[in-house]
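Colleague: Okay, handing you the structure first.
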Amino acid sequence: MTKEELLNKTSLFLLDLDGTVYLGDEPIFGVPHALKKLRDLGKRLVFLTNNSSRTAASYREKLSRLGLFERGDEVYTSGMAAMEYLRAHFEGARVYLVATTQVREEFVRGGIRLDEEDPDVCLLAYDTELTFEKIKKLDFFLRSGLPFLATHLDDVCPTPAGPMPDVGSFLAMFERSSHRTPDAIIGKPFSPMGEAILRRYGVERGQACMVGDRLYTDIRFANNNGFSSILTLTGETTREMCEKSVDRPDLTFEALPELVEF
């Protein structure tokens, strides 16, 4: 597939964040102009992240501050997808949610019933405020056999100080302690988030394109959901890694701006 063909067929671009549009607190060179070109072509931009420790509003603030977010753009997180999954599969259920304060507040605003004592289902998000009390309580509920959901499977989260333990690392602990693995994982590379995106934005699979720097989340997510895909080499993936991987992108660029350079 050429980039002209991909541009012609795509109406919705799903953009990973760190490593794709910015690195830490700096936009990747040329990306603000590339995003403007995509908007000028009538493309819809959705910044898509597995990181469920923050709300969409906090990401909008950061993206706006970096000059990457404009009116009409949207942010969609694995936490938001998890809310939609709960509404679809556990309507009205009481949820034990392991998450940061701001994300818990976002769930309450979204109409999700949170319950610390007698829940119907458990959801593990990326809780950077995790305490031993939360660990004990979730472990108890898992041992009792409650349905178990997780927002995503990333082992680590990139930070300026280096990689930090993410939900995948938490899940390894709970598998050892409760002998449970999630009944469903919502975010990239799995299908619940892809299905939620198709419903939310009203597009066909072939009209969506995932742009990201990780083969095993971003590109696998596109492949699992029938989306087009672009791998950028501005994050953790090298060309050598791409050549050895079973997760194959449609196009590979040194950086996102190559998509709109002719």
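Here, each number is a calculation from the coordinates, and none is a lab measurement. Here the structure is a predicted model, which means the values were calculated and not measured. Counting neighbours? That spans all protein chains shown, and the Cβs are built from the backbone with ideal geometry, glycine included.
Colleague: Out of residues 5 or more away from residue 213 or on other chains, whose amide H comes under 5 Å of its own, with H placed 1.01 Å from N in the peptide plane?
Modeller: Amide H to amide H, under 5 Å and 5 or more residues apart or across chains, residue 213 pairs with 232.
Colleague: Where Lys and Arg each count +1 and Asp and Glu each count -1, what net charge lies around residue 126 among other residues with Cβ under 14 Å from its Cβ?
Modeller: Once positives and negatives cancel, what remains is -3.
Colleague: Moving on. If you take the beta carbon distance between residue 109 and residue 258 as r and set R0 to 30 Å, what does 1/(1 + (r/R0)^6) give as a FRET efficiency, to the nearest 0.05?
Modeller: Calculated transfer efficiency: 0.15.
Colleague: Show the residues, 5+ positions off or on another chain, whose built amide H is closer than 5 Å to the amide H of residue 114.
Modeller: Amide H neighbours of residue 114, under 5 Å, 5+ apart: 95.
Colleague: If you don't mind, there's one more thing I want to ask. Please report the net charge: other residues with Cβ closer than 12 Å to the Cβ of residue 198, K and R +1, D and E -1.
Modeller: 0
Colleague: Under a crude label model (7 Å from the Cα following the beta-carbon direction), how far is residue 246 from residue 184 in nanometres?
Modeller: According to this spin-label approximation, the distance is 2.5 nm.
Colleague: Length gain on complete extension for the stretch residue 33 to residue 135, per 0.36 nm per residue less the alpha carbon to alpha carbon distance?
Modeller: Once the chain is fully extended between residue 33 and residue 135, it gains 32.3 nm.
Colleague: Also, quick follow-up: Roughly speaking, what is the centre-to-centre gap between the range 153-229 and the range 1-32 when only Cα atoms are used, to the nearest Å?
Modeller: 18 Å
Colleague: Still on this model: Would you kindly derive the ³J(HN,Hα) couplings of the range 174-184 from the backbone phi angles with the Karplus curve 6.51 cos²θ - 1.76 cosθ + 1.60 (θ = phi - 60°), listing them in order in whole Hz, with x for Gly and Pro?
Modeller: Once θ is set to phi - 60°, the couplings for the range 174-184 become 5, 5, 5, 7, 10, 6, 10, 10, x, 6, 8 Hz.
Colleague: Which of 44, 200, 214 ends up with the largest GNM mean-square fluctuation for the chain, with Cα atoms connected below 10 Å?
Modeller: For the chain, modelled as a Gaussian network with Cα springs under 10 Å, the answer is 200.
Colleague: I've got another one for you. Quick one: what are the phi-derived ³J(HN,Hα) couplings along the range 239-245, Karplus 6.51/-1.76/1.60 with θ = phi - 60°, whole Hz, x for glycine and proline?
Modeller: 4, 4, 4, 5, 5, 8, 8
Colleague: Within the set of other residues whose C-beta is less than 13 Å from the C-beta of residue 184, count the net charge using Lys and Arg as +1 and Asp and Glu as -1.
Modeller: Its environment carries a net charge of -2.
Colleague: Plugging the Kirkwood radius over Cα pairs into Stokes-Einstein for the chain, at a temperature of 20 °C and a viscosity of 1.002 mPa s, what D comes out in µm²/s?
Modeller: In µm²/s, the coefficient is 114.
Colleague: I've got another one for you. Provide the FRET efficiency to the nearest 0.05 for the residue 101-residue 191 pair, computing r from the beta carbons and using R0 = 45 Å.
Modeller: Computed FRET efficiency for residue 101 and residue 191 comes out at 0.95.
Colleague: Report, in deg cm²/dmol and to the nearest 500, the calculated mean residue ellipticity at 222 nm for the chain, where each DSSP H run with n ≥ 4 adds -39500 (n - 2.57) and the sum is divided by the residue count.
Modeller: When only DSSP H runs of four or more count, the value is -10500 deg cm²/dmol.
Colleague: Right, another one. Please express the Cα-Cα pair-distance distribution P(r) of the range 136-189 as a list of whole percents, one per 10 Å bin, running from 0 to the bin with the greatest distance.
Modeller: Distribution as computed: 24, 49, 23, 4 percent.
Colleague: Take each of the peptides 221-227, 2-8, 186-192, 140-146, average the number of other beta-carbon atoms within 10 Å over its residues, and list them starting from the highest.
Modeller: Most protected by this proxy first, the peptides run 186-192, 221-227, 140-146, 2-8.
Colleague: Which length gain, in nm to one decimal place, applies between residue 2 and residue 205 when the Cα-Cα distance is subtracted from 0.36 nm times their residue separation?
Modeller: Using 0.36 nm per residue and subtracting the Cα-Cα distance, I get 71.3 nm.
Colleague: Can you work out the Karplus-derived ³J(HN,Hα) for every residue in the range 142-158? Use 6.51 cos²θ - 1.76 cosθ + 1.60 with θ = phi - 60°, whole Hz, and x for glycine or proline.
Modeller: 5, 5, 7, x, 5, x, 10, 10, 9, 6, 6, 10, 4, 6, 9, 10, x
Colleague: Still on this structure: Bin width 5 Å, origin at 0, all Cα-Cα pairs of the range 79-185: what percent of pairs per bin?
Modeller: 2, 12, 25, 26, 20, 10, 3, 1, 0
Colleague: So which lysines can residue 36 reach, going by Cα to Cα under 24 Å and dropping same-chain residues fewer than 8 places off?
Modeller: By straight Cα distance, residue 36 reaches 3, 9, 62.
Colleague: Could you check what % of the DSSP bridge pairs in the chain are antiparallel, to the nearest 5?
Modeller: That works out to approximately 10 percent antiparallel.
Colleague: Please order 76, 201 by the number of other Cβ within 10 Å, starting at the fewest.
Modeller: Final ranking by Cβ density, sparse to dense: 201, 76.
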